[in-house]
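Report on one structure; see the data block that follows.
The values are calculated or read from the model by the stated rules, or taken from the named source; none is laboratory data. Predicted model only: the values in this text are computed from it and were never measured. For neighbour counting, all protein chains shown are included, and Cβ atoms are generated from backbone atoms with ideal geometry for every residue, glycine included.
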Amino acid sequence: MRALLFDLDGTLTDPKPGITRAIQYALRKGGHPVPAVDALEPFIGPPLEQSFRELLCLSPAAARQALADYREYFDARGWRENSVYPGIPELLAELRGRGARLVLATAKPTVFAERILAHFELGQHFESVVASHLDGRRVDKGELIADALASLFGVARESVAHVGDRSHDVLGARANGITAIAVGYGYGTPAELQAAQPDALADSVPALRGLLRGLLS
């Protein structure tokens, strides 16, 4: 492997408090039923407007408004209600030291992704950030990965892997013909990841470190 694409939520950081509180805020503001925090875990990772429609059966208009209200909370405080998984900074530093090119590929809007990387001092490890736009463009993981690959001039697809925690990460990698690595410590359920059939699965950050060391050697 010469290059590695990383998802953000559930892969590098644990964003559950901020995301779930922002969702509860949006639903409460819109007068919708408000699920418990743990019931909102499936929202972590996929495009949020889609999840509001599919998981909570909101109308397209209500889903758009919920997303706007979500961002109101998330912009003010939710992005900070987040933590880096132990061992991730050391892993990224080691990968760069071994010569790997690292790109962040996330459905989170660019403004929030870059803010979170800077806050946790992870930004220096990535040569670029490929994320979604606030107007709803480029939220599909396959499209995100395609654009990330386009930024890696001179790197063949067979020497690139994507690391993520949800099935859409695996499917997006497969759609682009690159290796799909799933992590089991994020928010994809075992059944979800098993059904997606990643090329490799790491149940912990140390296991991911060992796996990626082997791929880069």
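For the range 182-201, filtering for residues that are closer than 11 Å to residue 11 by Cα and crowded, with 20+ Cβ neighbours inside 10 Å leaves 5.
Just one of the listed residues (10, 45, 30) is in contact (Cβ under 8 Å) with a residue 24 or more places away in the chain, assigned by TED's automatic domain parsing to the domain that holds residue 176 and either small (Gly, Ala, Ser) or surrounded by 17 or more Cβ atoms within 10 Å (Cβ to Cβ) (or both), and it is 10. The residues in the range 116-131 that are buried (at least 16 other Cβ atoms within 10 Å of the Cβ) and either in a helix (DSSP H, G or I) or modelled with pLDDT under 95 (or both) can be counted, and the count is 3. Checking 39, 113 one by one, the residue that is closer than 18 Å to residue 137 by Cα, of a type in the set (A, V, I, L, M, F, W, C) and either modelled with pLDDT of 95 or more or surrounded by fewer than 16 Cβ atoms within 10 Å (Cβ to Cβ) (or both) is 113 and no other. When the range 65-82 is limited to residues that are outside any helix (DSSP H, G or I) and more than 14 Å from the chain's Cα centre (by Cα), the one that is surrounded by the fewest Cβ atoms within 10 Å (Cβ to Cβ) turns out to be 77.
When each of 161, 200 is tested for being out of contact with any Lys or Arg (no Cβ under 6 Å at 6 or more places or on another chain) and free of Cβ contacts under 8 Å to residues at least 40 places away in the same chain, the lone residue that passes is 200.
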